[in-house]
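Trainee: One structure coming up, written as C-alpha cells, with questions to follow.
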Amino acid sequence: MENTDTTSDEPRSAPSISTFTFSRKPGSARGTPSDELLSPYEFTFECIYDNEETRLLFQKYLKKIHNEAPNNFLIEIEKFSNLMSPKTRHVAATKIMTTYIRDGAKEQINLGFAVRQKIIKSYNETTDQECSKNLFDELRIFVYVELKQDCFQGFITHNIFTKFVKKKVKNDPEFLKSISTVKKRIDIETPSESEDVIFDTNSQLGVLYDPEMMEVTDEDFLRVNRDIADREMWKAVFRSEERAVFVSKNPFYNGKRGLKKMYETGIIPFSAKEAFNAYTDAQHILLIEKEIAKITTVDYQEQDRHALVVLRFQYKLPFPLSNRDFCLLHSAKRDSNGTYSMIRKSILHPDCPVDKNYVRAVATGGIVFEKIDENTCRYSQTYYADYGGWLTASMFNKIVEMRDDSWHHAMIKACRARRVRGLGRPAASNSIINTLEYYEKVKQMPPDKM
C-alpha cells in the first residue's frame, strides 16, 4: 500500500473541520456593534481559509502575533506536494528542512523532539531519484491542526477580524453567509430506543469484526444501536441547539491501533423516510458527503435475512490530507416503527484492489433515522475509521473531535430539494435501496406510509 507506516502508533485521520462559535472576550462590553453583528454566526477555519480576503487577513493576524512560520510552512508544503519531479521535490524538501525543521532554522516551527527526529530520519532516507510527495504528510497535518487550535479562535475574536467584517458587511450584506453559518435553535432530544436495541453498557475493546467475512448479520445492526444507546461510552465535544458530536472515552482497536469512535446526532425538519431516501440517493450523496469523488458498485449479494452491496468510495480530500479510498459493505433495513438503519463496514474483496493513487482506509459504523413526528426526524450516526497514511493515533483522535455543521446542513438541503421535486425512493442508490427492499420482502413488511 502506498504511503503507509506499520508502527503501532500510526494512523490516521478523518476529513474534519474545526468550528467555533463567536463569543465575547472576557471583560468586553456587552452589546457592542461587533458582538451584535457576529453572535448569531458560527465560523469554520476552512471557510475563513478558502476566502481569499479572510485568508490574507488571517496571515496579517499571524504576523501581528509573531506566529507566521506555521502558515508559511503549510504554503511551502502545498507547493512541494504539487511538484512532479523527484529531483525537484528533493531540492524543495531540503529547503523546507533548512527553513522550518532543523535546529536553528530561520523559521523553526514548534515540534516535539520525537516528531522532529522522525521527519529528519524520513528526509535523510530520500534522494534526488526518490522523494515521495507524502514525505511531509504527517507533519503538515500536525501543524495544520495546531494552527487551527492555537490561532483560529483568537483570530475571529480579535478586532482585526471584527472590524474587517463590520466594514465588509456595510457594502455586502451577504458577506457573512460566505464565511459562516447561522446558528439555529432546535432542541436535541435523547435518542429513542429502536425496537431491536439490546442494551449493553459493557462493550469490550478488541477486534471489531472479521473483514474477510462477506456477510451481514443482525449483530451488525445491533452494534450500531448499542453504540448509540450506551451513554457511558461517549464524551461530548460539541453541542448546539440542532446537533451534538461525541467521541468515545476509550479507543477501539483494529489490530494494535487504538482509535476513537465518533457519534453525531441531530434533528432535521423532514421525516425519517425522506432523510433515508436523500442519504441513499446516488445523486445527492455526493452533495452531502462532499469529499467523495466517485462511487463504484463492486458486488451485490442476497443472503438469508439481509442483502448486501459492496461499494468503492474514492475521496479527494482537501489539503493537507492525501486521497483515500474505501471498500465498504452496505446493508439497510426498516423497523416496523418507521426507523431506517444502514450499516457499513470495510471488507477485503478481490474485485476491489488497492489503487496506487489512493491510500486504502478502513471504517465501520452506521446511521439511523428515527421518527419524531410526521415532519421531523433524528439522525444518529457512529463510525470508527482508520484513514491510513502517516497520521498518528493521537493526532487522529484530536481531529475526530473537530467537525462542523456542513454535513447537517447538506442533509437538510438534499431533503428539501427532493421534496420540492416530489421524489420518493431513489431510482439510483448504488443498490442500497435494493438491500432495503430485500429485507422488507424477507420480513413481509407492508409499504412505509409513516
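Trainee: How large is ³J(HN,Hα), in whole Hz, for each residue of the stretch 331-348 in order, when computed from phi with the Karplus curve 6.51 cos²θ - 1.76 cosθ + 1.60 and θ = phi - 60°, using x for Gly and Pro?
Mentor: Karplus-based 3J(HN,Hα) across the stretch 331-348 equals 7, 10, 8, 10, 7, 5, 8, x, 7, 9, 9, 9, 10, 8, 7, 5, 9, 9 Hz.
Trainee: Here's a follow-up. Which of the lysines could a cross-linker bridge to Lys170, judged by Cα under 26 Å and excluding same-chain residues fewer than eight apart?
Mentor: Here the lysines satisfying the reach criterion relative to Lys170 are Lys25, Lys60, Lys64, Lys183, Lys184.
Trainee: Would the stretch 59-128 count as rounded, prolate or oblate if I go by the C-alpha gyration tensor, calling it rounded below 1.5 in a/c and otherwise prolate when a/b exceeds b/c, oblate otherwise?
Mentor: Note, shape of the stretch 59-128 comes out oblate.
Trainee: Give the shape of the stretch 124-171 as rounded, prolate or oblate, defined through the alpha-carbon gyration tensor: a ≥ b ≥ c are the square roots of its eigenvalues, a/c under 1.5 means rounded, and otherwise the shape is prolate if a/b is larger than b/c and oblate if not.
Mentor: Details: a/c = 6.07, a/b = 2.98, b/c = 2.04.
Taking the square roots of the gyration eigenvalues as a ≥ b ≥ c, the stretch 124-171 is prolate.
Trainee: Now, a different point. For the stretch 119-165 and the stretch 260-281, write down the distance between their C-alpha centroids in whole Å.
Mentor: 33 Å
Trainee: Sort Leu74, Leu308 so that the residue with the fewest other Cβ atoms within 10 Å of its own Cβ comes first and the one with the most comes last.
Mentor: On the way: Leu74 20, Leu308 25.
The order, fewest Cβ neighbours first, is Leu74, Leu308.
Trainee: Using a 10 Å cut-off around each Cβ, can you sort Asp227, Asp299, Asp373, Asp150 from fewest to most neighbouring Cβ atoms? Could you put the intermediate results ahead of the total?
Mentor: Details: Asp227 24, Asp299 17, Asp373 8, Asp150 13.
With the fewest neighbours first, Asp227, Asp299, Asp373, Asp150 line up as Asp373, Asp150, Asp299, Asp227.
Trainee: Still on this model: How would the stretch 218-443 be classified by its alpha-carbon gyration tensor: rounded, prolate or oblate, with rounded meaning a/c under 1.5 and the a/b versus b/c comparison settling the rest? Don't skip to the end; give the middle numbers.
Mentor: On the way: a/c = 1.39, a/b = 1.16, b/c = 1.20.
The shape class here is rounded.
Trainee: To continue, here is another question. What is the distance in Å between the Cα centres of the stretch 299-358 and the stretch 45-81?
Mentor: 36 Å
Trainee: Test of the criteria: in the stretch 121-150, which GluC sites (Glu not before Pro) are in a DSSP loop and have at most 13 other Cβ atoms within 10 angstrom of their Cβ?
Mentor: Numbers: sites: Glu125, Glu130, Glu138, Glu146; in loops: Glu125, Glu130.
Filter output for the stretch 121-150: Glu125, Glu130.
Trainee: Among Ser336, Ser240, Ser346, rank each residue by its count of other Cβ atoms within 10 Å, from fewest to most, as a rough exposure measure.
Mentor: Values: Ser336 11, Ser240 18, Ser346 23.
By the 10 Å Cβ count, ascending: Ser336, Ser240, Ser346.
Trainee: If you wrap a convex hull around the Cα atoms of the stretch 19-182, how much volume per residue is inside, in Å³?
Mentor: Numbers: hull volume 20.4 nm³, N = 164.
Per residue, the Cα convex hull of the stretch 19-182 comes to 125 Å³.
Read-outs: derived from the displayed coordinates by stated rules, not from any lab. Since we're looking at a predicted model, the values are computed, not measured. No Cβ is skipped: glycine too gets one built from the backbone with ideal geometry, and neighbour counts run over all protein chains shown.
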